[in-house]
1. Being open to solvent by less than 30 Å² (accessible area, probe 1.4 Å) and touching an Asp or Glu at 6+ places or on another chain (Cβ under 7 Å) is the filter; apply it to the range 19-38 and report the residue that is nearest to V118 (Cα to Cα).
2. Kindly indicate whether any position in the range 35-45 is assigned to a helix (DSSP H, G or I), within 22 Å of the chain's Cα centre (by Cα) and without any contact (Cβ under 8 Å) to a residue 24 or more places away in the chain.
3. Given the options E162, E74, name the one that is open to solvent by 20 Å² or more (accessible area, probe 1.4 Å) and either part of a helix (DSSP H, G or I) or without any contact (Cβ under 8 Å) to a residue 60 or more places away in the chain (or both).
4. All but one of (1) farther than 30 Å from I97 by Cα; (2) open to solvent by less than 10 Å² (accessible area, probe 1.4 Å); (3) not β-branched (V, I, T) hold for A138; which doesn't?
5. Of all residues in the range 159-193 being of a type in the set (V, I, T) and more than 12 Å from the chain's Cα centre (by Cα), which is nearest to A208 (Cα to Cα)?
6. Going through the range 39-50 one residue at a time, which ones are open to solvent by 10 Å² or more (accessible area, probe 1.4 Å) and within 15 Å of N89 (Cβ to Cβ)?
7. If you scan the range 145-159, which residues turn out to be part of a helix (DSSP H, G or I) and under 25 Å from C196 (Cα atoms)?
8. So, in the range 168-203, how many residues would count as being in contact with a Gly (Cβ under 9 Å, 6 or more places away or on another chain) and in a helix (DSSP H, G or I)?
Amino acid sequence: MTTPERAREIDARLKALYPRASIALAYASDFQLLVAVILSAQTTDVGVNKVTPVLFDRFPTAEALAGADPAEVEEIVRPTGFFRNKTKNIIGAAQRIVGEYGGRVPDTMDDLLTLPGVARKTANIVLYNAFDKAEGVAVDTHVFRLSHRLGFSAHEDTNKVERDLMALFPREEWGPLTYRLIEHGRAVCDAKRPICGQCVLAELCPSAYTVKGWRESA
């Protein structure tokens with residue numbers, strides 16, 4: 001079986017296993033989505049969802065956050081880690097959105113990449129979830145890990161991993177593929193102790209039973 005054939009079968013199995021896989025971040029607007037994704041860097045979605053209700057209650061819009069006192073924002077987002085840099089990024093993004101885009105989150109990859117704290121992963125998530133646009137595959141830690149274990153990419157650069165995934169999967173699958181891989185990474189293909197013995201992809205996975213620490217059951 002060729003890699004493209006394996007990719008199609010793997011995607012079909014993941015689609016059946018996680019039919020409702022979707023973003024786990026809580027938000028009520030395109031702007032809140034953008035802020036939540038920026039805050040999610042190097043922390044968990046669960047952790048972000050604990051602080052954003054307070055943040056968005058105090059600063060619900062780009063206009064509100066653009067004029068925020070950084071010290072107040074830092075105190076709110078502190079639990080997400082790297083809070084000073086994240087505060088700088090979300091306030092800077094809000095200011096640019098207000099100043100350059102009339103208070104609306106831009107809906108193109110090029111424009112999103114001009115915002116502080118936004119790289120391709122964040123831009124892909126915003127474009128797919130806010131605007132139903134598939135410009136690429138959002139490569140987070142789970143997607144990166146599974147892409148290597150499943151033999152989809154051997155690159156260490158996330159942008160190159162993304163390009164490999166884009167070449168293997170049809171455009172209409174780029175958005176949902178991210179969340180299927182994330183779900184499988186959380187539920188089965190753990191970073192340290194993957195449950196290969198219970199994995200529906202085991203027979204298609206070149207890393208099955210060879211990943212250090214694999215186990216038969218949870």
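1. The extreme case among them is L25.
2. Checked against the condition, which is being assigned to a helix (DSSP H, G or I), within 22 Å of the chain's Cα centre (by Cα) and without any contact (Cβ under 8 Å) to a residue 24 or more places away in the chain, the range 35-45 yields at least one hit.
3. After applying the criteria, what remains is E74.
4. The failed condition is (1).
5. Going through the range 159-193, the residues of a type in the set (V, I, T) turn out to be 161, 178, 182, 188.
Right, trim to more than 12 Å from the chain's Cα centre (by Cα) and you get 161, 188.
Working: V161: 20, V188: 12 Å.
Applying the filter and picking the extreme gives V188.
6. To start, the set of residues in the range 39-50 that are open to solvent by 10 Å² or more (accessible area, probe 1.4 Å) comprises 40-47, 49-50.
Listed by number, the residues that qualify are S40, A41, Q42, T43.
7. Residues satisfying the conditions are R145, L146, S147, H148, R149, T158.
8. 1
The values are calculated or read from the model by the stated rules, or taken from the named source; none is laboratory data. In this text, all values refer to a predicted model and were calculated from it rather than measured experimentally. Cβ atoms come from the backbone with ideal geometry, glycine included; neighbour counts cover every protein chain shown. SASA here: full protein model, heavy atoms, side chains in, ligands and nucleic acids out. Shrake-Rupley method; radii C 1.70, N 1.55, O 1.52, S 1.80 Å.
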